[in-house]
Amino acid sequence: SHMSLYGRINEGVHFPSFDDVRVGTPSSQHIQNYQVGYKAQTSSLYASVDVFHRMFFGVPFQAFLGDGSQVIATYGARSWGVDFQAEWFPLERLSLALTGDWQHSVYTDFSSFAGLGTQAFDNDGNILQRQPRLQVRFTPEYEVPTAWGKLRVFATVSYIDLRYSDTENTQILPAYTTLDAGIVGDFGDHLEMRVQGTNLTDTLGLTEGNSRSLTAGISTGFEMARPIFGREVQGQLKYYF
């Protein structure tokens, strides 16, 4: 009675946008999804895991290069993976949560006889850009009862695996780990005080690189990329009427 097993098969369509019709290259995108999952819940544990296989067709691709030229193509993709989520209550006021996913996603039907300047390209089998193969988040949380209310302390350690910024898989975005933490105090029924911080270790993590570069993206020792936010701490005082 505390377990469930489910399966899902569905197909969806994304119709062309106004700009697709305006430039005369309308294309409908299709996705097929196959999924099997399992869930279990007891008084001290909740767990969920599902395995999926997804296929994409007719996805438009457009890139403006540094020399002003333009690359237009359509592609597909295949994705296999596992999503997982669990929360365990080993003690009365302690919870340990784990969430994440592993996936293997590659391009399909993504090639051209010409397009990148005068050179043909073939990205079939390449890893989807900006998609980490593995990402995991672990969150311990502890609640302390007090004479004036309760105090809740929590932290989250996040790991984001290596990714590629470009469809050619030449621009590497390294893996990184961040730490977030906070403390929340409830004073009676009306007052809440919160102090929390993100990326407390001030980790350098890159989410995307220079999409206009078709090589490693490094020029004269520098690379253009978008980082995550650095260390940040916030305080908040809230009153409930």
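The values are calculated or read from the model by the stated rules, or taken from the named source; none is laboratory data. Bear in mind the structure is a predicted one, so any value in this text is a computation, not a measurement. When we count neighbours, we look across all protein chains shown, and the Cβ atoms used for this are built from the backbone with ideal geometry, even at glycine. Side chains included, ligands, DNA and RNA excluded: accessible areas come from the protein's heavy atoms. Shrake-Rupley method; radii C 1.70, N 1.55, O 1.52, S 1.80 Å.
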Please indicate, with yes or no, whether at least one residue in region 7-23 is surrounded by 11 or more Cβ atoms within 10 Å (Cβ to Cβ), assigned to a strand (DSSP E or B), β-branched (Val, Ile, Thr) and touching a strand residue (DSSP E or B) at 6+ places or on another chain (Cβ under 8 Å). no
Every pair of residues 6+ apart whose Cβ atoms lie under 7 Å, when the first sits in region 151-167 and is among the basic types (Lys, Arg) while the second is open to solvent by 50 Å² or more (accessible area, probe 1.4 Å) and assigned to a loop (DSSP other than H, G, I, E, B): Arg163/Arg130; Arg163/Gln131
I'd like to check something: does region 122-138 contain any residue that is outside any loop (DSSP other than H, G, I, E, B), at pLDDT 90 or above, open to solvent by 70 Å² or more (accessible area, probe 1.4 Å) and of a type in the set (Lys, Arg)? yes
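Scan region 145-177 for residues that are part of a loop (DSSP other than H, G, I, E, B), open to solvent by 60 Å² or more (accessible area, probe 1.4 Å) and closer than 18 Å to Glu192 by Cα and jot them down.
Scanning region 145-177 gives Ala147, Trp148.
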Only one of Phe57, Phe89, Phe15 is free of Cβ contacts under 8 Å to residues at least 60 places away in the same chain, among the aromatic types (Phe, Trp, Tyr) and touching a Gly at 6+ places or on another chain (Cβ under 9 Å); which? Phe57
Cβ-Cβ distance below 7 Å, separation of 6 or more or different chains: which pairs start in region 190-203 with a residue that is among the polar types (S, T, N, Q) and end on one that is open to solvent by 60 Å² or more (accessible area, probe 1.4 Å) and part of a strand (DSSP E or B)? Gln196/Gln234; Thr198/Glu232; Asn199/Glu232; Thr203/Thr177
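Does Gln70 meet the test of being surrounded by 13 or more Cβ atoms within 10 Å (Cβ to Cβ) and out of contact with any Cys (no Cβ under 6 Å at 6 or more places or on another chain)?
On the way: surrounded by 13 or more Cβ atoms within 10 Å (Cβ to Cβ): no; out of contact with any Cys (no Cβ under 6 Å at 6 or more places or on another chain): yes.
For Gln70, the condition - surrounded by 13 or more Cβ atoms within 10 Å (Cβ to Cβ) and out of contact with any Cys (no Cβ under 6 Å at 6 or more places or on another chain) - is not met.
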Just give me the residues in region 155-182 being polar (S, T, N, Q) and under 26 Å from Tyr142 (Cβ atoms), in sequence order. Thr156, Ser158, Thr177, Thr178
